[in-house]
Each structure stands twice: as structure tokens, then as C-alpha cells.
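The structure under discussion appears below in the form of C-alpha cells.
Every read-out reported here was derived from the displayed coordinates using simple, explicitly stated rules and does not represent laboratory data. In this text the structure is predicted, and so the values were computed from the model without any measurement. Ideal geometry is used to build each Cβ from the backbone, glycine not excepted, and the neighbour counts take in all protein chains shown.
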Amino acid sequence: MYFTSGGVNLTLIGLVKTVGIGIIALGLLGCENELIAIEDSNSYEWQKYMNETEYHQLMEGMTYLEVVEIAGGQGEQQEENLFFWKDEILMTQAYQIEFKDSKLVSKKIVEQRGHSTRE
């Protein structure tokens, strides 16, 4: 059985794959929109970073979205499952959060070093 979409003939299996990919894309867009909405809800730009109180609220097993909700913003992805949040106040401190199978598995406070050109 063939269907036509935009001048392209699709088999039933091709149609199902195309629709499935579209649904996945919409799901990812929905998640991205939710992440943006969380950051946009902050009154100040710096509130998208994490602070130590928020860091201590993070628990093993939380999803990335749950972490973003607590922090008020998205982390910077360092590796496939490793994210990094700057501290809201301290320039010398940051937070490294690791996920496995979309769940938080480890967290640690890391020291930030400046890039001063002073001698």
C-alpha cells in the first residue's frame, strides 16, 4: 500500500517511520520548550546558574529536567552524560553532575580557576 506525501510515495512502513520520527521530534521540542520556559521564569540572568543550596537538593535518580527545575537553568554539557553548572555567586566554584540512563548518578563541587593574564 502506498501513500503520497509532498509528491513522495511512501509505503505503510515508511509512513509509520516518518510519523514516528515526527512524534519524537515534537517530544524533544516540547522538552526544549520546557527548559527554555524554566530559564525564562527567572527574574535575573544569573539565576539560571546553580547555588550550593540548590546543589544539596539534588538526589541520585533525578532526571535532567528535575535538576534544571531546581537550578533554574540548563547546565553546560561537557561530555555525553556530564553537565556543568556555574555558581550563581562564586566565580571559583561550579557543580559537575553526571547522568547515566537519564538519571543523576553523581555530583560534585569543583574548583574553578581563573584565566588571568596578570603576572
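Taking a straight line from the alpha carbon of LYS100, these aspartates and glutamates sit under 19 Å away, with near neighbours fewer than eight places off in the same chain left out: GLU60, GLU66, GLU69, GLU76, GLU79, GLU80. Phi-derived couplings, Karplus 6.51 cos²θ - 1.76 cosθ + 1.60 at θ = phi - 60°, listed residue by residue for the range 98-113: 10, 10, 9, 6, 6, 10, 5, 10, 7, 8, 7, 8, 10, 7, 9, 10 Hz, with x used for Gly and Pro. Between GLU34 and PHE84, the FRET efficiency from the beta-carbon distance, with R0 = 25 Å, is close to 0.75. Between MET62 and LEU104, the built amide H atoms are under 5 Å apart, and every one of these is 5 or more places off in sequence or on another chain.
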